[in-house]
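The values are calculated or read from the model by the stated rules, or taken from the named source; none is laboratory data. Nothing here was measured: the structure is a model prediction, and the numbers come from that model. Using ideal geometry, Cβ is built from the backbone for each residue, glycine included, and neighbour counts are taken over all protein chains shown.
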Amino acid sequence: MSAAPVDLPRWADTALVPLVSVAAALLVAGLVVVGIGESPLEATALLLRGSLGSAEGIGFTLYYTTNFIFTGLAVAVAYHAGLFNIGGEGQATIAGLCAALACTVLGALPGFLAAPLAILAAAAGGALYGFIPGWLQARRGSHVVITTIMLNFVAATLIVYLLREVMGKAGSMQPETPDFPASAVLLPMHKLLAPLGLKLPATPLNSAFLLALAALAAVWLLIWRTRLGYAIRTVGANPHAAAYAGISPARITMVAMAISGALAGGLAVNEALGVQHRLVLDFTAGYGFVGIAVALMGRAHPVGVGLAALLFGILYQGGAELSFDKPAITRDMVVVIGGVLILFAGALDGLFRRAVAVLLRVGRRTG
Amino acid sequence: MTAAGGAPAIELAGISKRFGTVAANKDVSLAAAAGSIHGLVGENGAGKSTLMSILYGFYEADSGDIRIKGSPVRIRSSSDAIAAGIGMVHQHFMLVETLSVVENVVLGAEDGPFLKAGLAKARAELAQLSTEYGLSIDPEARVGDLSVGLQQRVEILKALYRGAQILILDEPTAVLTPPEADQLFVLLRALRDQGKTVILITHKLREIMDVTDKVSVMRRGEMVAHLVTAETSPAALAEAMVGRRVLLRVEKEPRQRGAPVLEAAGLSCRDARGAEVLRDVGLTLHAGEIVGIAGVAGNGQSELLEVLAGLIQPSRGVIRLGGEILSAAERHPAALRRRGLMHIPEDRHRSGLVTAFSAAENAILGYQDDPAYGAGPLLSPRRIAAQARQAFTAYDVRPPDPALKTAKFSGGNQQKIVLAREIERQPKVLLVGQPTRGVDIGAIEFIHRRLIALRDAGVAILLVSVELEEVMALSDRILAMCGGRITGERAAQATDERELGLLMAGVTDEAA
C-alpha cells in the first residue's frame, strides 16, 4: 500500500506549489552564485534589470517567451492525452524545413497570403512529424518517449543533409538556406506597432508572439471546451473509460501528437520566419527540451504554460545580460540556474506538495 | 469483553485515525479472545479496512493502543505485525504465480541468502501444518495452476508459517464458490479449535451468522455494537450497520416477458494471452426480464459483458440486437448506445468513470458526442452541468454538486452517477455488471428498486454479479457460468444456492 496522494486545494496546487518550487530553485541557484564569489542579490538585480528593465530587454524577453510558449504547449497537449512528447526539437526542425520549402514557391504571392501559408506549412510539417510517433504508439505499441527522442536525431541529421546538399545557399560556407522572400516573413513588433505611434527599439520580437498568445487561448478552448478536448483528457486520465465511452485511444493518441507537433512548429515560425528570415542549422537551440520543463511547471495548463514561458524568457534574456556584466557568471551558469529550476519545478515537484499540505493543515487548525 | 482465561489475544483500545478532515476511525475499541472467530462488519467506508491496516502496520494510529495478550505493542510496519503474531490474508492474493507453493510460503522468510535450508524447513513444517488442519495441498505445485480456493489456503499457510496466532481475513469469500467457502469455514473452525484467533471481515451477514462467535459492527468510523453471534440476527446486524431499518429482500412481482431483444449464439473469445475465456456461449434476453449470470469471479462473465457491450470482439459467434445481426462495425460502444444498448460496467473506477473529472463531466461519458451538449465541436459546460444536476437530483446523488471531483463521492454515489447516466437515456437493453460492488446498504436498496422498475418498464436486463444472493433476488432466469461456458439455466424461483453452487463449480446438467 503506497502513501496516499497529497490532496491540495486547487489554488495551492496551481499557484502555491510552483511558487515554492521556483523559490527553492532560486535559493539553490543563489547558493551557487555565492559559491563562485558573487553576490546573489546583485546578480538577481542585474538579471531582472536586463530582462525587464528596458523596452529592449522586454522585447528580447518576450521573444524568448514566444519560443517557450510554443514548445511548452507542444508538451502540454500531448500530456493531457497521457503522452510524454520529448520530440519538440525534431518537430520544430521538420516544421522549419517545410516552411523553408514553402517559401521557395510562395515568393510570388502577396504578403497576406504568403506569410499565413508559410506558417501553415510549418504547422503541417510539425504535425506530420508528431503524427509519426503517435501512429507508432497507437498501431505498433512503440513508446512515444523512445520514438520522439530517436526522431529528434533523425530530424537533426536530415536538416544537416538538406542544408548542405539540397536547400543550402549556393556558394555559402554556412549550412543555411537563401533568405526567404520578404512577403513570407513576419513583421517585427517595432514595425508592426509603429503606425500606432509606438516607438519601440528594434528587437527580435515579432508577430509570432501574438500567434503564441492566440495558441494559448486556442489550446485552452480545445482542452476544456471541445468534444475533442474531452476525448483527449479522457484518454489521458483513464484509457479504459475512454474505450468504454466509445472513444478510440489509438485515434486520440495520433491526433494529440499531431496537434502537439503543429504547436512545436511555432518555434520554427518565430525563429525562421520571424527573426532570421532563413533556415539555419540548430535554430531549435534546445528550446524544445526546455518546453518540457515549461509544461511541467505550468501544470500543462495554458495559463501556467504562459507564466512558466515568461519566467524562462526572463531567465534567458536576464541571464545573457548577467553574463555580459559579470564575466564570472558565464552563460553556463545561467544554464545551471535553468537546470536547477527544471529540477525543482519538474522532477522534485512532489518534494514540496507534502510540506505545503502539512503547512496548510496546521494553518487551518491554528487559524 | 475479555476471555475467560485472562487477557484477550488481541485488543484495540481507543484507536483514532484521521485522513485530512475525514475521521476514518474514531475511538474504536475491539477485543478478540484466543480460540475464537470474531466477525467485523460494516458498510464500505465504515472504517474496517483502516482499522485492519492499522493492526497490520500499513498506517499508524493517531492515538490508541494495541495490546497482544495484555501487553502493549507498537506496530509500525507489516514486519512488526508479523513479529507480534498477526497474519493477514488479503482479498487480492499476494502470491507469485510462477513459483511453487513452498517457494511462496518462504518468500520473505528465507532464513539466509541460500534457499535450500529454508525450503527444507518449510517443507517439513508445511507437511505438519497440512496434517494438523487437514489441508491437502501439494507443496511442489505451481501456484498459478491452483484453484482460487487453494491459492487462498497458500495465503493462510504463509501466515501460519510465520507463526501467526491472530489471522485477519479480508472478504475471503468474495472469490470463492459456495462449496469452497464452506471448506474455508471448516478450516477456520479448525484454526479456532487449535487456539488461534480469527478476525473475519465481511459484508455477508450469512457468513457472520454461520461461522463467528462474536461480531463487532462499525459505522462511519465508529464501533457501534459488540454482539454475541448466537444472540443476534441478520436483520439486527443490518440495522446496526446502516443505523436504520433496511429491507433485505427485494420486492418484485412476476411479469410476463416480451419479445427477444438481444440474442447471442456461439460466442467465443480469447484473452491477450490466447487463452479461451468464452466458449460457445449462447443466450437470449427478452424485453421485461432480468437474466442473471451466476459465477465465481473470473469465469468469463466479465468477458461476456464486454463482448456484448462492444468493448472486445469475439473470435466466433453472432450477436443479434432487435433481430438484426450486428456487423463488426456495429459492435462498437458508441454505435450500440445509439441503438439503445447501455452498459453499467463491472468496475466503475476502471472504466465507468474518470475519477479525476468533475461529476458533470462523468455524467456525459459515452455521450460526449450528443448534440444536446453543445454546438458543433464545442461542449457547453453550462448545459452539461444543468443536465447533471437534474440527473443527480432524480437519483439522489449526494452531494448533488456537478462541479465536485468524482473521486470525492462515496462509492454508492459514484455508482449512482453511472446508473443515472445509463438509465436516464431510456435503454432497451441494459448490461449491468456488479451493480452494488462497494456500495452501502442504503444505496443497494435504491439500485435494486431501480433495476426492478426498469424491468417492469420493459427493459431487457443482463445482470452479472459475484453476489449470488443478489443474482437470486433480482433475476427472473439465472445462467450459471464456469470456465467460460454456460453450465446451466434455471428459473430463479425454482433453484437454490446449492444447485447453483454446483453449476458454478462446473458440474453441468449432463454430469449431474
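Screening B:ALA335 with (1) away from chain A (no Cβ under 11 Å); (2) out of contact with any Pro (no Cβ under 8 Å at 6 or more places or on another chain); (3) at negative phi gives one miss only, at (1).
Restricting attention to region B:353-390, the residues that are out of contact with any strand residue (DSSP E or B) (no Cβ under 8 Å at 6 or more places or on another chain), in contact (Cβ under 8 Å) with a residue 40 or more places away in the chain and farther than 21 Å from B:ARG337 by Cα add up to 0.
Do we find that B:GLU346 is within 12 Å of chain A (Cβ to nearest Cβ), under 29 Å from B:GLN387 (Cβ atoms), crowded, with 17+ Cβ neighbours inside 10 Å and free of Cβ contacts under 8 Å to residues at least 12 places away in the same chain in this structure? Spelling it out, it is not the case that B:GLU346 is within 12 Å of chain A (Cβ to nearest Cβ), under 29 Å from B:GLN387 (Cβ atoms), crowded, with 17+ Cβ neighbours inside 10 Å and free of Cβ contacts under 8 Å to residues at least 12 places away in the same chain.
Filtering region B:276-313 down to residues that are over 22 Å from the mean Cα position of the chain (by Cα) and polar (S, T, N, Q), which residue is nearest to the other protein chains (Cβ to nearest Cβ)? Ranking the qualifying residues of region B:276-313, first place goes to B:GLN313. Across region B:365-403, the qualifying residues are those that are hydrophobic (A, V, I, L, M, F, W, C), touching an Asp or Glu at 6+ places or on another chain (Cβ under 9 Å) and under 11 Å from B:ILE417 (Cβ atoms), and the one among them that is nearest to the other protein chains (Cβ to nearest Cβ) is B:ALA388. Among all residues of region B:224-235, there is none that is within 16 Å of B:LEU51 (Cβ to Cβ) and buried (at least 21 other Cβ atoms within 10 Å of the Cβ). Filtering A:ALA243, A:ALA250, A:ALA202, A:ALA214 for residues that are of a type in the set (Gly, Ala, Ser), within 14 Å of chain B (Cβ to nearest Cβ) and either surrounded by fewer than 17 Cβ atoms within 10 Å (Cβ to Cβ) or in a loop (DSSP other than H, G, I, E, B) (or both) leaves a single hit, A:ALA250.
Answer with yes or no whether B:LEU462 is touching a Lys or Arg at 6+ places or on another chain (Cβ under 7 Å) and surrounded by 24 or more Cβ atoms within 10 Å (Cβ to Cβ). Answer is no for this residue.
Within region B:242-259, the residues that satisfy the criterion of being touching a Gly at 6+ places or on another chain (Cβ under 8 Å) and at pLDDT 85 or above are B:GLN256, B:ARG257, B:GLY258. Filtered by the rule that a residue be outside any helix (DSSP H, G or I) and buried (at least 18 other Cβ atoms within 10 Å of the Cβ), region A:21-37 gives no residues.
Just one of (1) surrounded by 14 or more Cβ atoms within 10 Å (Cβ to Cβ); (2) of a type in the set (Asp, Glu); (3) in contact (Cβ under 8 Å) with a residue 40 or more places away in the chain fails for B:GLU306. It is (3).
Here is the figure for region B:97-118: residues that are surrounded by 13 or more Cβ atoms within 10 Å (Cβ to Cβ) and part of a loop (DSSP other than H, G, I, E, B) total 4. When residues in region B:263-296 are screened for being under 19 Å from B:ALA473 (Cβ atoms) and of a type in the set (A, V, I, L, M, F, W, C), 6 of them pass. Quick check on region B:160-180. Is at least one of its residues of a type in the set (Ser, Thr, Tyr), farther than 19 Å from B:THR212 by Cα, in a helix (DSSP H, G or I) and out of contact with any strand residue (DSSP E or B) (no Cβ under 7 Å at 6 or more places or on another chain)? Yes, region B:160-180 contains a residue that is of a type in the set (Ser, Thr, Tyr), farther than 19 Å from B:THR212 by Cα, in a helix (DSSP H, G or I) and out of contact with any strand residue (DSSP E or B) (no Cβ under 7 Å at 6 or more places or on another chain).
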